[in-house]
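**Q** After the structure tokens below, expect a handful of questions from me.
The values are calculated or read from the model by the stated rules, or taken from the named source; none is laboratory data. Small disclaimer: the values here were computed from a predicted structure and weren't measured. Cβ placement follows ideal geometry from the backbone for every residue including glycine, while neighbour counts extend to all protein chains displayed.
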Amino acid sequence: MGKKISIKEIAKLSGVSVSTVSRVINNNGRFSEETRQRVLKIIKKYNYHTNTLAKGLRMKRSNTIGIIVPELSNTFFSSLVEKIENQFFSKNYATIICDTGRNADKEAAYIRMLEAKLADGLIIISGKKTFDASLLSRTIPVVCIDRKPNDKKIIFISSNHYQGAVIATTELLEAGTQPHLFKVAGSSSSMLDRIKGFKDTLQNKQQLDERAIISLQADYPAGSNARRLEIRTELRQLMSSEQLPLGIFATSDTLAADIMIAARELHLNIPADLKIIGFDDAPIARYCYPQLTTIHQDITEIASQASQHLIAAINNSENIVEEVVTDTIIDVHLVRRGTV
């Protein structure tokens with residue numbers, strides 16, 4: 001029916017009090033099953049919908065989650081955000097997705113906006129540096145993914161980046177190459193863990209050379225001519241000083257795809273002349289030719305853990321205990337395809 005109806009009218013038609021109707025709508029408090037069905041019948045008959053804004057102001061809840069992500073054009077991040085959004089949707093939460101473009105000022109502005117909109121919690125994904133909890137102007141539950149917070153009371157969930165780097169580097173050594181790590185300039189916690197795993201593996205084999213780590217300009221966008229020109233320059237230098245096949249551990253699948261294109265432009269055969277392993281197992285890994293051997297991050301598990309931890313923190317937000325929380329570290333594994 002088209003007629004709008006108030007909660008008072010529902011109470012009158014159901015023969016119960018307004019407070020009982022409220023308890024039925026919010027599914028809390030005491031009422032009989034018979035009362036519940038009688039109230040729900042009237043609600044359905046008149047197509048009654050709660051005013052979620054007014055309810056949110058009363059309950060100090062918005063059923064909204066803010067997701068801060070550094071780069072949605074990166075297929076790993078976009079896939080992870082999709083999984084997280086689906087998790088929260090299944091729990092009746094809406095999400096506001098904010099792409100910072102790896103800009104610290106934009107990130108701070110988004111956090112202020114989300115706080116102003118009374119977001120119930122925040123998911124902070126990756127980023128250039130440690131997440132600074134002082135950006136928050138009020139106490140709000142936060143889960144950081146692949147980005148260590150500077151506050152031990154903030155929940156931290158991460159893949160085992162160190163383990164992944166050890167696996168990748170070992171695979172390249174066993175393939176008869178002298179591994180080199182390619183990365184984009186930056187010092188995120190996940191990147192630092194990957195570099196440490198790479199260096200420790202080579203050091204254990206007494207093959208560590210500081211020139212094995214090649215850092216590319218952060219200003220050049222992925223897929224740009226400038227980025228691929230820079231990669232070609234680095235590959236030419238390796239070709240003049242190293243025996244083929246070259247071995248490369250790329251710290252992301254997106255970067256690995258750029259390296260593969262640059263290698264083909266130099267007439268390097270993959271995997272005969274250049275063997276390469278990426279990191280993430282993002283969709284782009286399967287679109288490469290040959291398909292990219294890479295380290296798989298379990299985004300389904302990451303999304304599940306993040307949503308569970310954040311919802312639990314939101315539900316317990318009135319009884320926050322000031323204590324250090326345990327980090328959640330999720331294992332990774334190698335996916336062998338055609339580039340090693």
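**Q** Find the helices (runs of 4 or more DSSP H) located wholly in the stretch 225-340 whose residues include 1 or more that are among the acidic types (Asp, Glu) and within 21 Å of ILE195 (Cα to Cα), and list them. Show your work before the answer.
**A** Working: elements: 225-241, 253-265, 284-287, 299-315.
Counting at least 1 such residues, we get 225-241, 253-265.
**Q** Could I ask something else about it? Looking at the stretch 74-102, which of its residues are more than 17 Å from HIS309 (Cβ to Cβ), assigned to a loop (DSSP other than H, G, I, E, B) and touching a Gly at 6+ places or on another chain (Cβ under 9 Å)?
**A** THR100, ARG102
**Q** Starting from residues that are surrounded by fewer than 18 Cβ atoms within 10 Å (Cβ to Cβ) and touching a residue at least 60 places away in the same chain (Cβ under 8 Å), keep the ones in the stretch 84-101 and report whichever is nearest to VAL69 (Cα to Cα).
**A** ASN86
Rundown of residues vs (1) of a type in the set (A, V, I, L, M); (2) over 30 Å from ALA272 (Cβ atoms); (3) outside the structural domain of ARG228 (by TED's automatic domain parsing); (4) buried (at least 18 other Cβ atoms within 10 Å of the Cβ), yes/no style:
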site: ARG147; (1), (2), (3), (4): no, yes, yes, yes
site: ASP151; (1), (2), (3), (4): no, yes, yes, no
site: ILE155; (1), (2), (3), (4): yes, yes, yes, yes
site: GLU174; (1), (2), (3), (4): no, no, no, no
site: PRO179; (1), (2), (3), (4): no, no, no, yes
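**Q** Let me ask another. For the stretch 164-174, which positions are within 13 Å of THR251 (Cα to Cα) and in contact (Cβ under 8 Å) with a residue 60 or more places away in the chain?
**A** Within the stretch 164-174, the first condition is being within 13 Å of THR251 (Cα to Cα), and the residues that meet it are 164-169.
Those that are within 13 Å of THR251 (Cα to Cα) and in contact (Cβ under 8 Å) with a residue 60 or more places away in the chain: GLY164, ALA165, ILE167, ALA168, THR169.
**Q** Which condition breaks for LEU122 when tested against (1) in a loop (DSSP other than H, G, I, E, B); (2) touching a strand residue (DSSP E or B) at 6+ places or on another chain (Cβ under 8 Å)?
**A** If we test LEU122 against (1) in a loop (DSSP other than H, G, I, E, B); (2) touching a strand residue (DSSP E or B) at 6+ places or on another chain (Cβ under 8 Å), just (1) comes out false.
**Q** Would you check if there is a residue in the stretch 321-339 being outside the structural domain of LEU172 (by TED's automatic domain parsing), surrounded by fewer than 19 Cβ atoms within 10 Å (Cβ to Cβ) and free of Cβ contacts under 8 Å to residues at least 24 places away in the same chain?
**A** Yes - at least one qualifying residue is present in the stretch 321-339.
**Q** Looking for something out of contact with any Pro (no Cβ under 7 Å at 6 or more places or on another chain), of a type in the set (Gly, Ala, Ser), within 30 Å of LYS8 (Cα to Cα) and modelled with pLDDT under 90 - is there at least one such residue anywhere in the stretch 59-74? Lay out the reasoning, then the answer.
**A** Step one: of the stretch 59-74, the residues out of contact with any Pro (no Cβ under 7 Å at 6 or more places or on another chain) are 59-74.
Pick out the ones that are also of a type in the set (Gly, Ala, Ser) and you get 62, 66, 73.
Of the ones still in play, those that are also within 30 Å of LYS8 (Cα to Cα) are 62.
The next check asks that each one be modelled with pLDDT under 90; those that pass are 62.
Scanning the stretch 59-74, I find at least one residue that is out of contact with any Pro (no Cβ under 7 Å at 6 or more places or on another chain), of a type in the set (Gly, Ala, Ser), within 30 Å of LYS8 (Cα to Cα) and modelled with pLDDT under 90, so the answer is yes.
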